[in-house]
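Student: Okay, here's the structure, questions in a sec.
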Amino acid sequence: MNLINKQKKVAVIGAGFVGCCTAWLLTKQGHNVTLISTNSSGSSAALGLLMADVFQRSSGRSWRLRQQSMQLFGEWQQHLQGAGHQAKINRGLWLLTNNSNQWQKYQMLAEERSKQGIGMEIFNAAALKEQVELGVLPPLSEGLIGGIWSSRDGQLDPTEWMKELLLDGQNKGLKYINSKVSQLTQIDGSWQLSLEANNKDNEIYDWLMVCAGLESIALLAPLGLSNTNNLAMQPVLGQALELKLPAGINLQQSINWDGINLVPRPDNHLWLGATLEPGLNQNQAGSIDALKDMQQLNGAAPEWLNQAKVIRHWQGVRAQPLAQPAPVLEQLLPGLCLMAGHYRNGILLGPASAMWAATIINEDSKDN
Ligand SMILES: Cc1cc2nc3c(=O)[nH]c(=O)nc-3n(C[C@H](O)[C@H](O)[C@H](O)COP(=O)(O)OP(=O)(O)OC[C@H]3O[C@@H](n4cnc5c(N)ncnc54)[C@H](O)[C@@H]3O)c2cc1C
């Protein structure tokens, strides 16, 4: 992973999860990397669920990217921990359902994964009750039909990971500039940036990796790229809550409860998320009804969840590509790549996206 033919000068624009992963990997491989970003990141709103094996399909691009990311997370975790970082991943994920169609799909999925040698177990209602009695799961609602346990999927804290990737990257030579990039200019096959903080960045870059989420399109538009390449994306707002649970509730691993995620946090806290509200921007108010439905697990919330106290409420925006599948990983011009539109899985797909960038740059290095 560390061998490169030729060092390239790379600017990564945007320090969300995708930009942090990309800047870290390219720095680690020996490239000369500058990460330039405004402060606010959609990624810090994310719950950090890593849902790779529970993906319904078993082939195709999305499946491959998910599997590649999970493998890389394992390798990156070892590397970061070796350098003194925590790089925590809470492995294991429950998928629980009240819906009979969903329950059938879960059983088929678990059977298929078992055939592939991937650890996934089926739990009917009685088996789930046993898990509650053993203290593995908290008390669940009466109508619950069944669920599956996926041992390799899991959850991480995106903000903690971004901090650690940045810190480790900086220890290896990554430069960080806190500024908005306002313009991309192509000069003789290389690239120059205009920064809001100090007007001009005089550096000349071999490569620009645009990881600016929804804002990416505005950056590319002056180059005439926004319409011709089907790059349109829409915002999909997500609201989430941090709750303080009543005493005695034991939750060790994350639960996806008919699409709503419950993530255990230190001190008996829980993250609950997230709503799906297409067309709403970060500066618009999310729906109160959507938030209420989520908080009540669409009417299936067990008593302890109804009693939990709201500590924090936040919202963030996902970038959903409208004309092509997520994520958009595309070289648009020589030395210019777009890495955005990760929609609901930008944390999971961060490492595989970074590896895509590294492959493009390293293949180019071989040719020149
Ligand atoms: C509530 C919620 C829950 C989610 N939960 C999960 C989950 O459990 N698992 C999962 O995998 N995904 C989850 N997601 C999705 C995930 O958050 C996104 O897919 C991911 O954050 C996308 O990361 P990104 O780096 O592409 O974009 P962003 O995080 O939006 O980062 C873009 C960065 O670019 C910067 N920027 C923008 N314009 C400029 C400019 N002109 N110059 C310089 N910098 C600029 C911004 O400041 C920002 O730092 C969730 C999303 C939400 C909203």
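Student: Can you run down the residue pairs with Cβ atoms below 6 Å, 6 or more apart or on separate chains, where the first is in the range 209-230 and within 10 Å of the ligand (Cβ to nearest atom) and small (Gly, Ala, Ser) and the partner is at pLDDT below 90 and open to solvent by 30 Å² or more (accessible area, probe 1.4 Å)?
Tutor: Once the first residue is within 10 Å of the ligand (Cβ to nearest atom) and small (Gly, Ala, Ser) and sits in the range 209-230, its partners that are at pLDDT below 90 and open to solvent by 30 Å² or more (accessible area, probe 1.4 Å) give Gly213/Gly42.
Student: Return only the number of the condition from (1) surrounded by 19 or more Cβ atoms within 10 Å (Cβ to Cβ); (2) assigned to a loop (DSSP other than H, G, I, E, B); (3) of a type in the set (S, T, N, Q) that Gln315 does not satisfy.
Tutor: Gln315 satisfies all of (1) surrounded by 19 or more Cβ atoms within 10 Å (Cβ to Cβ); (2) assigned to a loop (DSSP other than H, G, I, E, B); (3) of a type in the set (S, T, N, Q) except (2).
Student: Further question: Using the structure shown, decide if Asn261 is at pLDDT 95 or above and either in the same structural domain as Gln183 (by TED's automatic domain parsing) or buried (at least 20 other Cβ atoms within 10 Å of the Cβ) (or both). So that I can check it myself, show each step before the final result.
Tutor: Working: at pLDDT 95 or above: yes; either in the same structural domain as Gln183 (by TED's automatic domain parsing) or buried (at least 20 other Cβ atoms within 10 Å of the Cβ) (or both): yes.
The answer is yes for Asn261.
Student: Restricting to the range 266-279, what's the tally of residues that are under 20 Å from Lys309 (Cα atoms) and open to solvent by 60 Å² or more (accessible area, probe 1.4 Å)?
Tutor: Step one: of the range 266-279, the residues under 20 Å from Lys309 (Cα atoms) are 266-275.
Cutting the leftovers down to open to solvent by 60 Å² or more (accessible area, probe 1.4 Å) gives us 266-267.
Selection size over the range 266-279: 2.
Student: Further question: Please verify whether the range 82-104 includes one or more residues that are of a type in the set (S, T, N, Q), in the same structural domain as Asp201 (by TED's automatic domain parsing) and more than 19 Å from the chain's Cα centre (by Cα).
Tutor: Within the range 82-104, not a single residue is of a type in the set (S, T, N, Q), in the same structural domain as Asp201 (by TED's automatic domain parsing) and more than 19 Å from the chain's Cα centre (by Cα).
Student: Do you know which residues across the range 246-255 are touching a residue at least 60 places away in the same chain (Cβ under 8 Å) and open to solvent by 10 Å² or more (accessible area, probe 1.4 Å)?
Tutor: At the first step, the residues of the range 246-255 found to be touching a residue at least 60 places away in the same chain (Cβ under 8 Å) are 246, 249-255.
Hits for the range 246-255 are Pro246, Ile249, Asn250, Leu251, Gln252, Gln253.
Student: Please work out if Val54 is farther than 20 Å from Ser151 by Cβ, hydrophobic (A, V, I, L, M, F, W, C) and open to solvent by less than 20 Å² (accessible area, probe 1.4 Å).
Tutor: No; evaluated as a whole, the condition is false for this residue.
Student: Another question, if that's okay. Working carefully through the options Pro302, Pro266, find the one that is away from the ligand (no atom under 16 Å from the Cβ), more than 24 Å from Gly146 (Cα to Cα) and over 20 Å from the mean Cα position of the chain (by Cα). Outline the logic, then answer.
Tutor: Details: Pro302 fails: more than 24 Å from Gly146 (Cα to Cα).
Going through Pro302, Pro266 in turn, the sole match is Pro266.
Student: If you don't mind, there's one more thing I want to ask. Is at least one residue of the range 322-330 under 25 Å from the mean Cα position of the chain (by Cα), within 30 Å of Gly143 (Cβ to Cβ), in the same structural domain as Leu225 (by TED's automatic domain parsing) and touching a residue at least 24 places away in the same chain (Cβ under 8 Å)? Let's see the steps before the verdict.
Tutor: We begin by selecting, within the range 322-330, every residue under 25 Å from the mean Cα position of the chain (by Cα); these are 322-330.
Applying the additional criterion that residues be within 30 Å of Gly143 (Cβ to Cβ) yields none.
The answer is no, given that none of the residues of the range 322-330 is under 25 Å from the mean Cα position of the chain (by Cα), within 30 Å of Gly143 (Cβ to Cβ), in the same structural domain as Leu225 (by TED's automatic domain parsing) and touching a residue at least 24 places away in the same chain (Cβ under 8 Å).
Student: Then there is this: Among (1) within 22 Å of Leu93 (Cα to Cα); (2) surrounded by fewer than 14 Cβ atoms within 10 Å (Cβ to Cβ); (3) not aliphatic (A, V, I, L, M), which single condition is Gln239 missing?
Tutor: Of (1) within 22 Å of Leu93 (Cα to Cα); (2) surrounded by fewer than 14 Cβ atoms within 10 Å (Cβ to Cβ); (3) not aliphatic (A, V, I, L, M), only one is false for Gln239: (2).
Student: Right, next: For the subset of the range 348-364 comprising residues that are within 16 Å of the ligand (Cβ to nearest atom) and not aliphatic (A, V, I, L, M), which member is surrounded by the fewest Cβ atoms within 10 Å (Cβ to Cβ)?
Tutor: Selected residue: Trp356.
Student: Take Gln282 and tell me if it is in a strand (DSSP E or B), open to solvent by 30 Å² or more (accessible area, probe 1.4 Å) and either within 15 Å of the ligand (Cβ to nearest atom) or among the acidic types (Asp, Glu) (or both). Even if it seems obvious, please write down each step before you answer.
Tutor: Numbers: in a strand (DSSP E or B): no; open to solvent by 30 Å² or more (accessible area, probe 1.4 Å): yes; either within 15 Å of the ligand (Cβ to nearest atom) or among the acidic types (Asp, Glu) (or both): yes.
When the stated conditions are applied, Gln282 does not pass them.
The values are calculated or read from the model by the stated rules, or taken from the named source; none is laboratory data. Bear in mind the structure is a predicted one, so any value in this text is a computation, not a measurement. All Cβ positions, glycine included, derive from the backbone under ideal geometry; neighbour counts span all protein chains shown. Only protein heavy atoms, including side chains, enter the accessible area calculation; ligands, DNA and RNA are left aside. Shrake-Rupley method; radii C 1.70, N 1.55, O 1.52, S 1.80 Å.
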